[in-house]
Amino acid sequence: MQKLKVTGGARLVGEVRASGAKNAALPILAASLLTADDLILDNVPLLSDIRTMGSLLQGLGMRVERDGETMVLNAKSLLTTEAPYDLVKTMRASIVTLGPMLARFGEARVSLPGGCAIGARPVDQHIKGLQAMGAEITIEHGYVVAKAKRLKGARVVTDMVTVTGTENLLMAATLAEGTTILENAAREPEVVDLANCLNAMGAKIRGAGTPVIEIEGVDALHGARHHVLPDRIETGSFLVAALMTQGDVTVTNADPGSQDIVLDKLREAGGKIEVGEDWIRASIDHRPKAVSVRTVPHPGFPTDMQAQFMAMDCIAEGTARITETIFENRFMHVPELQRLGADIAIDGHTAVVTGVKELSGATVMATDLRASASLVMAALVANGESIVDRIYHLDRGYDHMEKKLAALGAQIERIS
Ligand code: EPZ
């Protein structure tokens with residue numbers, strides 16, 4: 001089991017390059033199922049979740065090649081249309097293979113993802129939408145079994161905003177007969193990036209990034225080359241770490257347009273935020289002020305930044321309220337932050353955080369991807385040495401975070 005050993009106290013100073021967005025790359029990798037041609041992707045992050053998706057697609061019989069941050073995928077023909085439990089259970093985003101496989105091959109068997117640390121995370125909206133498009137779907141032995149000679153365009157209104165639900169239905173609709181309207185669609189930048197890639201492949205999608213997406217089905221999609229957009233959550237994580245350590249960090253290869261509200265919140269914390277074409281600089285020369293946040297679908301404050309802002313509030317001046325409205329159990333970092341000396345009281349879906357002057361190093365355990373990032377960030381400012389355990393969670397969404405932090409001056413190393 002790998003761990004990170006962190007000695008707190010260093011200011012983060014310098015430049016760090018953001019990798020491609022995990023949550024754009026994952027559905028875009030699945031989009032390769034929609035065409036018999038090569039899909040070439042640049043700026044793909046080197047993450048374990050990406051490797052998992054690559055293994056899943058290879059398991060279907062696809063050609064998947066990787067050269068650094070470029071991947072070439074080809075789904076000319078498949079050996080099977082079954083996404084097996086042993087892979088899906090490690091990464092629930094595997095569910096985004098359901099829509100494209102069904103749309104192109106007329107059938108798909110995808111294991112139900114099962115819950116995960118942050119909540120039950122059902123996929124009922126994915127199924128409801130595909131049924132509305134004419135798919136016959138049954139749940140058999142923990143698998144979603146879907147069949148459709150050819151999907152038909154439909155108007156689908158999801159009960160709630162669902163990111164991968166929108167992505168699954170968006171991909172399925174590209175090859176359906178007729179026009180599909182997705183209402184209550186997710187507006188995340190990663191959905192827009194997927195739509196841009198699909199349109200480059202010959203799809204006819206309008207309205208991505210708004211609550212209503214219209215897709216005119218076509219008979220086939222062709223290959224394309226697509227550059228995955230930068231990861232706004234990794235970017236935000238480094239900017240928060242810069243303010244926590246009273247440092248001065250510039251994130252390059254970034255996408256400033258996709259994180260307005262996060263930048264506003266960093267300014268509210270007292271940070272000086274400068275923005276360029278593809279870079280963002282965060283600096284501060286005093287203790288950050290506590291900022292309250294409430295997670296809602298994009299363009300509101302992202303749930304994937306909640307744990308990181310909580311870490312900052314733990315050492316900020318004042319008291320903040322952090323409300324999580326997307327997932328039912330996304331406060332598992334709280335008891336671990338309390339082990340570092342944080343003053344946090346949970347009241348239902350709200351955590352009340354009172355900033356303390358100092359945290360003290362301890363051994364803590366990562367529980368989910370963004371929680372693990374918040375623990376590393378808290379350890380950066382804690383007195384003495386901390387050990388963050390189970391960092392396989394971190395590796396799912398951050399490309400060698402410890403190397404990037406060490407290059408900014410952090411005292412951090414990976415130990416087994
Ligand atoms: C995506 O997950 C992201 N993952 C998550 O990022 C992110 O936290 C989440 O969106 C919210 O922004 C990827 O894009 C791969 P949802 P997703 O469907 O699509 C409920 C990270 O840290 N729901 O938008 O699985 C669901 O339970 C990860 O990178 C249903 O009830 O999330 C949740 O409460 C963590 N039925 C809410 O909707 C459904 O059919 C939003 O979930 C679908 C969702």
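Summary of values
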| item | result |
| --- | --- |
| Of residues in the stretch 164-189 being part of a helix (DSSP H, G or I) and open to solvent by 10 Å² or more (accessible area, probe 1.4 Å), the one nearest to A108 (Cα to Cα) | T164 |
| Odd one out for D347 among (1) open to solvent by 10 Å² or more (accessible area, probe 1.4 Å); (2) touching a residue at least 12 places away in the same chain (Cβ under 8 Å) | (2) |
| In the stretch 306-317, residue farthest from the ligand (Cβ to nearest atom) [restricted to those that are without any contact (Cβ under 8 Å) to a residue 60 or more places away in the chain and surrounded by 23 or more Cβ atoms within 10 Å (Cβ to Cβ)] | A316 |
| Every residue from the stretch 67-91 that is in contact with a strand residue (DSSP E or B) (Cβ under 6 Å, 6 or more places away or on another chain) and surrounded by 17 or more Cβ atoms within 10 Å (Cβ to Cβ) | M71, L73, N74, T81, E82, A83, Y85, V88 |
| Filtered residues of the stretch 370-416 (kept if surrounded by fewer than 20 Cβ atoms within 10 Å (Cβ to Cβ), within 16 Å of the ligand (Cβ to nearest atom) and not in a helix (DSSP H, G or I)) | R390 |
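Let's see how each residue does on (1) of a type in the set (V, I, T); (2) under 26 Å from A176 (Cβ atoms):
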| residue | (1), (2) |
| --- | --- |
| D49 | no, no |
| Q58 | no, no |
| A83 | no, yes |
| T90 | yes, no |
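So that you can scan it fast, the table gives a plain yes or no per residue for (1) crowded, with 24+ Cβ neighbours inside 10 Å; (2) among the small types (G, A, S); (3) away from the ligand (no atom under 15 Å from the Cβ); (4) modelled with pLDDT of 95 or more:
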{"position": "Q2", "(1), (2), (3), (4)": "no, no, yes, no"}
{"position": "G9", "(1), (2), (3), (4)": "no, yes, yes, yes"}
{"position": "V13", "(1), (2), (3), (4)": "no, no, yes, yes"}
{"position": "A21", "(1), (2), (3), (4)": "yes, yes, no, yes"}
{"position": "A30", "(1), (2), (3), (4)": "yes, yes, no, yes"}
{"position": "L34", "(1), (2), (3), (4)": "yes, no, yes, yes"}
{"position": "L39", "(1), (2), (3), (4)": "yes, no, yes, yes"}
{"position": "N43", "(1), (2), (3), (4)": "no, no, yes, yes"}
{"position": "R51", "(1), (2), (3), (4)": "no, no, no, yes"}
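The values are calculated or read from the model by the stated rules, or taken from the named source; none is laboratory data. Values in this document were obtained by computation on a predicted structure and should not be read as measured data. Backbone-built Cβ (ideal geometry, glycine too); neighbour counts: all protein chains shown. Surface areas here come from the heavy atoms of the whole protein model, side chains and all, with no ligands, DNA or RNA. Shrake-Rupley method; radii C 1.70, N 1.55, O 1.52, S 1.80 Å.
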